[in-house]
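K.L.:
Sending over a structure as structure tokens; questions will come in a sec.
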Amino acid sequence: MKKYYSLLFTTGLVVALDQWTKWLVRTNIPLHESWLPESLNWLSSYARIVFIYNSGAAFGMFQNGNLLFAAFAFLVIGIILYSYPKIEEGDGSLRLASGLYLSGVIGNLIDRLTMGKVTDFISIGDFYIFNIADASINIAVVILLISFWVSERKKPVASSENEVLPTNGELS
């Protein structure tokens, strides 16, 4: 159980933030309406809060697939919980990414199970409208990509057996 402490801490913190912000939006902004403090109205074409529901996946794809996405979420949760203790103690980036990904999956799963759809509200430019859980998943993916890229860069380059390396500084 000790191996799960950091996962539970990260997940608890992000899921709480996700659910709290979704609750704030649902209770204070009418559906399909946007909000931005008056002092930031100049920013409205770049970023704003827009309350919508999404019954599909990221970027609004596969609408009305709620049951399928809920089942997939349970599968992902199981995989993360099973594999998390196997992550090396020193691999903080993989541990953090696992916690963030799990947080995002659980945050949106709560919405799917309680309302049948996910609350989205962060709108940046013409990009899709998303929430804290979606951002958490995307940040986890970026962390994983950067982590894998860095680890690949650290690996020594293997040379083929037939390649003859110059010994006197000349190129062959």
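K.L.:
Checking the cross-link filter: which lysines have an alpha carbon closer than 29 Å to that of Lys86, excluding same-chain neighbours under 8 positions apart?
P.N.:
Output for Lys86: Lys2, Lys3, Lys154, Lys155.
K.L.:
Further question: Sketch the reach of a paramagnetic label on Leu43 as a point 7 Å from Cα along Cα-to-Cβ, and name the residues of region 111-142 whose backbone nitrogen lies under 20 Å away.
P.N.:
120-136
K.L.:
So, one more: Testing the spin-label approximation: label points 7 Å from Cα along Cα→Cβ at Phe72 and Tyr53. State their distance in nm.
P.N.:
It is 2.0 nm.
Since every read-out is calculated from the coordinates, none of them should be taken as a lab result. If you're wondering where the values come from, they're calculated on a predicted model, not measured in any experiment. Ideal geometry is used to build each Cβ from the backbone, glycine not excepted, and the neighbour counts take in all protein chains shown.
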